[in-house]
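Q: Below you'll find the structure I mean.
The values are calculated or read from the model by the stated rules, or taken from the named source; none is laboratory data. Because the structure is a prediction, the values reported are computed rather than measured. Cβ sites come from the backbone with ideal geometry, for glycine too, and all protein chains shown count toward neighbours. These accessible areas exclude ligands, DNA and RNA; they are computed on the full protein's heavy atoms, side chains included. Shrake-Rupley method; radii C 1.70, N 1.55, O 1.52, S 1.80 Å.
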Amino acid sequence: MSAPHNTPQVPKAPKVTEREARKVAEAAREQDWRRPSFAKELFLGRFRLDLIHPHPLPPPDDIRRGEEFLGRLRAFCEAHIDSARIEREAKIPDEVVNGLKELGALGMKIETKYGGLGLTQVYYNKALALVGSASPAIGALLSAHQSIGVPQPLKIFGTQEQKDAFLPRLATTDISAFLLTEPDVGSDPARLATTAVPDGNDYLLDGVKLWTTNGVVADLLVVMARVPASDGHPGGITAFVVEADAPGVTVEHRNAFMGLRGIENGVTRFHQVRVPAVNRIGPEGAGLKIALTTLNTGRLSLPAMCVGAGKWCLKIAREWSAVREQWGRPVAKHEAVGAKISFIAATTFALEAIVDLSSQMADEDRNDIRIEAALAKLYGSEMGWLIADELVQIRGGRGFETAESLAARGERAVPAEQMLRDMRINRIFEGSTEIMHLLIAREAVDAHLKVAGDIIDPEKALADKAKAGANAAGFYARWLPQLVTGAGQLPLTYGEFNPAGHRDLSGHLRYVERSSRKLARSTFYAMSRWQGRMETKQGFLGRIVDIGAELFAMSAACVRAEHLRGSGEHGREAYQLADAFCRQSRVRVEELFTRLWSNTDDLDRRVVDGVLSGMYTWLEEGVIDPSGEGPWIADATPGPSAEENRHRPVR
């Protein structure tokens, strides 16, 4: 054990202003749009159905290999994964992890020349939905390893030498983890405190990382650290591949959570860890850009597992609601319960449509899907949570009772309450709902900021503002007239979505087209009204994004239904589910449009000021706070570890 570090102090993250933090985030964005984006066009009031319809399809060989692996994976899950045991012991058995390695599950997305399976994004996500339904903890392990762990950034940004050195290990034996978050740094990487100081041909890594999914069992880590600027070193936040058993790396704690009890998530301390410069991914200062680019497709793994959860919730809701009787008939026949079942079925269909469409677009690499993937994560996590919550409500008291307790008194061990606990984290990690709103909103208004951003930038000179004004005038003179009328006002548009003998989906697509233009007009009006203060209107921006998410989901649902009809796979049923979803979605869209301008945002801000000033502390009286003692944020002062190393590689 290393010597104890100094007396705990306040975590020493760099002090940055809000504007400086925004500059760091802005610099990490992909600045250009080299390929078309359906969602970007949607926010601009242009409904480009041609970008997603007809539904793109994977090549036959990819389908064959993907289906063969799904068959092997299903057999493994049914024979070897005991979800109740993982929940009870809060650990994935080593023999299960080793079995997944032998199956090739660690290398699903890694090319075959490195020993991986080389699956497409479509089949990778189908595999995650399958294994995640057997155990969400295993889904999280595989996703963290491949979606955001070492393989994906190496695939995009790694050198050939790095790929040759690490990918064969990652495809077969080695588990990886992604380390960005720190005790006092979440979605504000400008304050990153972990440092990597150049030392000859190496870097010396110091700092503490929090919530390191897979970190307890990982063999290889992607670590984001700040390189100080110096001669020959431009510095900045930089990505490194780090051996988890390197001297100075200590897993100080294995975290426990309300859900996903089997995940190996911890706190990792780095003290003078020597990392070879050849292990740096990309140049210095490119770390955040690497992380964000990795997440462009990496985020699709989470909504994929939400699809799996939705499918399971639908199965349980169907089986239970047909058996449980109330007032002389099955509860499913009562409208209050039936509406919940309809919501679960229709929304699960839409979520699968979003994930499959986005995944296939990622495989084809014809479109820029950064917004689509972000919308899929946002919408999947929010709607997946609602689906799980509705299942618990349908099950009533049995939904609140644990599966173990149900089995002990002789009933089917349905882990509905566990599903609710497991699903809750999806609204937080890989970008919380609030952060996703801001990220997507920034991309949605990118075209406006490119032509008019200098006008509202207080740091720009008058000459720059005048030039921007001229450019903006030309852009809006061409763009605004396009928002007045469109295909959505023509009664026969999208007629191929109104085939004989099926529900009519063409009207929903016309609604999407009209709403897209209305959304763009609303965004333009808000920018004209608030200008530089637009970025502070997070409630408004969140609703803009939520409307866009609903419109994207409606589009995907209709396109998927037509694809299934054309292929002869449950076309009539798919059309019915798409119709139900679109009608439910339209109700939500209309409410969101109303709330753009009729809301309590200003009042809420005044109440928040009152809460923070202590104005309402009298309201807190009359209760006991059962919280323990200790600081709100744990000490993250660099130094040697005083804790036992809880690192536990699986062999």
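Q: Work out how much length residue 255 to residue 364 would gain on full extension: take 0.36 nm times their residue separation and subtract the Cα-Cα distance, in nm to one decimal.
A: Answer, rounded to one decimal: 35.4 nm.
Q: Given a 1.4 angstrom probe, what's the average accessible area per residue across segment 538-614, in square angstrom?
A: Here the residues of segment 538-614 average 46 Å² of exposed surface.
Q: Can you list the lysines whose alpha carbon is less than 20 Å from that of residue 467, not counting same-chain residues fewer than 8 positions off?
A: 450
Q: Could I ask something else about it? With every protein chain present, what is the per residue accessible area of segment 194-326 (1.4 Å probe, Å²)?
A: Dividing the accessible area of segment 194-326 by its residue count gives 35 Å².
Q: Setting aside same-chain residues fewer than 8 positions from residue 340, which lysines have a Cα under 21 Å from its Cα?
A: Residue 340 reaches 311, 315.
Q: Does the chain come out rounded, prolate or oblate, given a ≥ b ≥ c as the square roots of the eigenvalues of its C-alpha gyration tensor, rounded meaning a/c under 1.5 and, failing that, prolate meaning a/b above b/c?
A: Rounded is the answer for the chain, as its axis ratio a/c remains below 1.5.
Q: Right, another one. Kindly list the residues of segment 237-260 that lie in the label zone of residue 278, defined by a backbone N under 12 Å from the point 7 Å along the Cα-to-C-beta vector.
A: Flagged as within label range: none.
Q: For the chain, give me the percentage of DSSP beta bridges that are antiparallel, rounded to the nearest 5 percent.
A: DSSP beta bridges in the chain are roughly 85 percent antiparallel.
Q: Hey, could you pull the Cα Rg and Dmax for segment 188-300, both in Å?
A: Over segment 188-300's Cα set, Rg and Dmax evaluate to 14.3, 48 Å.
Q: At 1.4 Å probe size, with the rest of the protein present, what percent of the exposed accessible area of the chain is carbon and sulfur atoms?
A: Ligands and nucleic acids excluded, carbon and sulfur give 55 percent.
Q: Still on this model: Please give me, ordered by residue number, the chymotrypsin sites (Phe, Trp or Tyr not before Pro) of segment 603-651 that lie in loop per DSSP and have at most 10 other Cβ atoms within 10 Å.
A: 632
Q: Something else now. How high is the FRET efficiency between residue 611 and residue 587 when r is their beta carbon distance and R₀ equals 30 Å, given to the nearest 0.05?
A: Step by step, r from the Cβ atoms, then E = 0.40.
Q: Determine the gain in length on full extension of the stretch residue 482-residue 435; use 0.36 nm per residue of separation and subtract their C-alpha separation, reporting nm with one decimal.
A: Here the segment from residue 482 to residue 435 would lengthen by 13.8 nm.
Q: Same structure again: Add +1 for every Lys or Arg and -1 for every Asp or Glu among the other residues with Cβ under 12 Å from the Cβ of residue 83, and state the total.
A: The answer is -3.
Q: Can you tell me how much longer the chain between residue 29 and residue 602 gets when fully stretched, taken as 0.36 nm per residue apart minus their C-alpha distance, in nm with one decimal?
A: Additional length available on full extension: 203.3 nm.
Q: On to the next question. Looking only at segment 573-587, which residues have a backbone nitrogen under 18 Å from a spot 7 Å from the Cα of residue 318 in the C-beta direction?
A: In segment 573-587, the label zone of residue 318 (backbone N under 18 Å from the point 7 Å along Cα→Cβ) covers 573-581.
Q: Okay, moving on. Once label points are set 7 Å from the Cα along Cα→Cβ at both residue 95 and residue 21, what is their separation, rounded to one decimal in nm?
A: 4.9 nm
Q: Once you list every other residue whose beta carbon is under 14 Å from the beta carbon of residue 529, what net charge do they have if Lys and Arg are +1 and Asp and Glu are -1?
A: Charge balance near residue 529 sits at 0.
Q: Let me check I've understood the local charge: for residue 223, count other residues with C-beta under 15 angstrom from its C-beta, Lys and Arg +1, Asp and Glu -1. What total comes out?
A: With Lys, Arg at +1 and Asp, Glu at -1, the net is -2.
Q: Points 7 angstrom from Cα along the Cβ direction at residue 500 and residue 325: gap in nanometres?
A: Modelled inter-label distance: 4.4 nm.
Q: If contacts are Cα pairs under 8 angstrom and at least 6 residues apart, what is the relative contact order of the chain in percent?
A: Reported as a whole number, the value is 19 percent.
Q: Where only protein heavy atoms count, and the probe is 1.4 Å, what is the accessible area per residue for segment 51-105 in Å²?
A: In whole numbers, segment 51-105 has 53 Å² accessible per residue.
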